[in-house]
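Sharing a structure with you now.
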Amino acid sequence: MIKSELVQTIAEQNPQLYQRDVENIVNAILDEIVKALARGDRVELRGFGAFSVKQRDGRTGRNPRTGEAVKVDPKLVPVFKTGKEMRHRLNAGR
Amino acid sequence: MAGRTVTRADLAEAVYQKVGLSRTESAALVEAVLSEMCDSLARGEMVKLSSFGSFIVREKGERIGRNPKTGVEVPIEPRRVMVFKPSNVMKARINGQDMADEAE
């Protein structure tokens, strides 16, 4: 499922809304998650999972093609941990 | 680093502020969006949200695990797990850059 399909499904369930509104709603939700992570906050969505940010240290990497050493700067990476209920749903019926 | 935890209520508030809906409707829509995503993943489909990232369902084979406390070997059944792959846009925003010079 891609974003436009998600928007369409939600629009069909909510005939009182324009598709344009639904698009804004979906973008507002996703944007809020990214903004929270950019502030260093955690985002916890029960039943789905939790997003957080981890610090990766800088290191000396290597260009695999040339073997040349390159400096990799420290950076922040977003991580997602699947929620308990979602984990169970993925494996329901097996 | 603020270290706050953002929840559904905060997402609903953001929707309320940005779109001209009531607070109740905003909360219901946040719920609807998450539940559509969950349903899709539970069916084994991948959910791809441009400029945000992708949730991918992976099939894991059976393997032998070990109870780290007792050292007893236990079989780990084949199972499905979900992984999140953040988009370059998200990675850049978290590192305080915009995408203007991201050629990756």
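The values are calculated or read from the model by the stated rules, or taken from the named source; none is laboratory data. The structure presented is a predicted model; accordingly, all values stated were derived computationally and were not measured. Note that we place each Cβ from the backbone using ideal geometry, even for glycine, and neighbour counts take in every protein chain shown. We work out accessible area using only protein heavy atoms, side chains counted, and drop any ligands, DNA or RNA first. Shrake-Rupley method; radii C 1.70, N 1.55, O 1.52, S 1.80 Å.
What's the buried accessible area, both sides, between A and B using a 1.4 Å probe, rounded to 100 Å²? Write down the numbers at each step before the final one.
On the way: alone 8030 and 8410 Å², together 11960 Å².
In total, chains A and B hide about 4500 Å² from solvent.
Still on this structure: Can you list the residues of region A:70-85 that have at least 10 square angstrom less accessible area with all protein chains present than in their chain by itself, probe 1.4 Å?
A:75, A:76, A:78, A:80, A:82
I've got another one for you. Give me the percent of the accessible area of chain B that comes from carbon and sulfur atoms, probe 1.4 Å, all protein chains in place.
Numbers: 3150 of 6180 Å².
Accessible surface attributable to carbon and sulfur in chain B totals 51 percent.
Structure shown: which of A:71/B:91; A:84/B:18; A:3/A:71; A:71/B:48 lie over 28 Å apart, alpha-carbon to alpha-carbon?
On the way: A:71/B:91 19 Å; A:84/B:18 31 Å; A:3/A:71 36 Å; A:71/B:48 32 Å.
Where the Cα-Cα span goes over 28 Å, the pairs concerned are A:84/B:18; A:3/A:71; A:71/B:48.
Loop only per DSSP, at most 13 neighbouring Cβ atoms within 10 Å: give me the trypsin sites (Lys or Arg not before Pro) in region A:3-86, ordered by residue number.
On the way: sites: A:3, A:20, A:35, A:39, A:42, A:46, A:54, A:56, A:59, A:62, A:65, A:71, A:75, A:81, A:84; in loops: A:46, A:65.
Of the trypsin sites (Lys or Arg not before Pro), the ones in loops of region A:3-86 whose Cβ has at most 13 other Cβ atoms within 10 Å are A:46, A:65.
Still on this structure, I have one more. Taking a probe of 1.4 Å, how large is the accessible area per residue of chain B, in Å²? Mind showing how you got there, number by number?
On the way: 6180 Å² over 104 residues.
I get 59 Å² per residue for chain B.
Can you give the calculated 222 nm mean residue ellipticity of the protein assembly as shown, where each DSSP H run of n ≥ 4 adds -39,500 (n - 2.57) and the sum is split over every residue, rounded to the nearest 500 deg cm²/dmol? Numbers along the way, then the final one.
Numbers: 6 runs with 77 residues, N = 198.
Rounded to the nearest 500, it is -12500 deg cm²/dmol.
What are the extents of the Cα atoms of the protein assembly as shown along their three principal axes, listed from largest to smallest and rounded to whole Å?
Between the extreme Cα coordinates on each principal axis of the protein assembly as shown lie 55, 46, 32 Å.
Assign unit charges at the C-beta atoms only (+1 for Lys and Arg, -1 for Asp and Glu), then state the dipole size of the protein assembly as shown relative to its Cα centre in Debye, rounded to the nearest 20.
On the way: 34 positive and 27 negative charges, 215 e Å.
Here the protein assembly as shown has a charge dipole of around 1040 debye.
With a cap of 15 neighbouring Cβ atoms within 10 Å, and only residues DSSP puts in a loop, list the chymotrypsin sites (Phe, Trp or Tyr not before Pro) found in region A:1-79. If you can, show how the numbers build up before the last one.
Numbers: sites: A:18, A:48, A:51; in loops: A:18, A:48.
Hits after loop and neighbour filter: A:18.
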